[in-house]
Amino acid sequence: MGEVIGFKDKINADVVRNASSEGRFTIGSKWDWELWRDGKLIDSWSEHNMVTNEGINSLLGVGFDAVTQITEWYICLWKSNTTPLATHTYAVPAYTELPDTDFDEAARQAFTGVVSDQVITNTASKATFTVAAGKSYTVYGGALVGGGTAADTSEDTAGGGVLFCSSAFTGGSKVISAADVLQVTVSITGAHA
């Protein structure tokens, strides 16, 4: 009598669905710094930033909740060794800002940005800070602020302004002397994550 050999096939199947896509959106900025002395570029560096909760709320409020748009933004410099945090606000920025009297421009410098390809940048109109005669100081970073009653006035923290973002120098502080020119380019980018 012949032997019967049986074969069994076992097939496993898994149902795989297309991965769902969450509509995530990120926003951040890159700060490009240039230090000029006697008409010569002596240093340049780039930094990233911390967008504050206050800045995000302002962006969402203007876009989706009829909050009044801030039409004028300003770049300010700070002289304290401060780590930017999301919880910092215009009213309580945590950094100590350099006063107007330290610069020939005598005010925070306007951020005049142009939008293209999900980026707004002031590349065509860099913020310029010229160190006043007889002054010398250490700079640790900068911030982008707007709104309120005196947003172009350094050291102003009253009047309901917004601290959108701030950027600390990761490579250490920079010493800037009389007649030095510090130019700042801020590029704010929105991207799908």
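Derivation of every value follows stated rules applied to the coordinates shown; laboratory data play no part. Quick caveat, the model's predicted, so the values are computed rather than measured. Positions of Cβ are generated from backbone atoms using ideal geometry, with glycine treated the same way; all protein chains shown enter the neighbour counts.
Could you tell me how many degrees, from 0 to 90 and to the nearest 10, lie between the Cα long axis of helix 53-64 and the main elongation axis, the longest principal axis, of the Cα atoms of the chain?
70
Can you count the Lys pairs in the chain whose Cα atoms are under 20 Å apart, with each pair 8 or more apart or on different chains?
Value for the chain: 10.
Within the chain, which is the longest segment containing none of the GluC sites (Glu not before Pro) that sit in a DSSP loop and have at most 10 other Cβ atoms within 10 Å?
Values: sites that count: E3, E22.
That gives 23-193 as the longest site-free run.
What is the Cα convex hull volume of the chain when expressed per residue in Å³? Please report the intermediate quantities before stating the final value.
Details: hull volume 39.7 nm³, N = 193.
Spelled out: Cα convex hull of the chain, divided by residues, is 206 Å³.
If I model a spin label at T112 and T189 as a point 7 Å from the Cα along the Cα→Cβ vector, what separation in nanometres do I get?
Computed distance between label sites T112 and T189 equals 2.5 nm.
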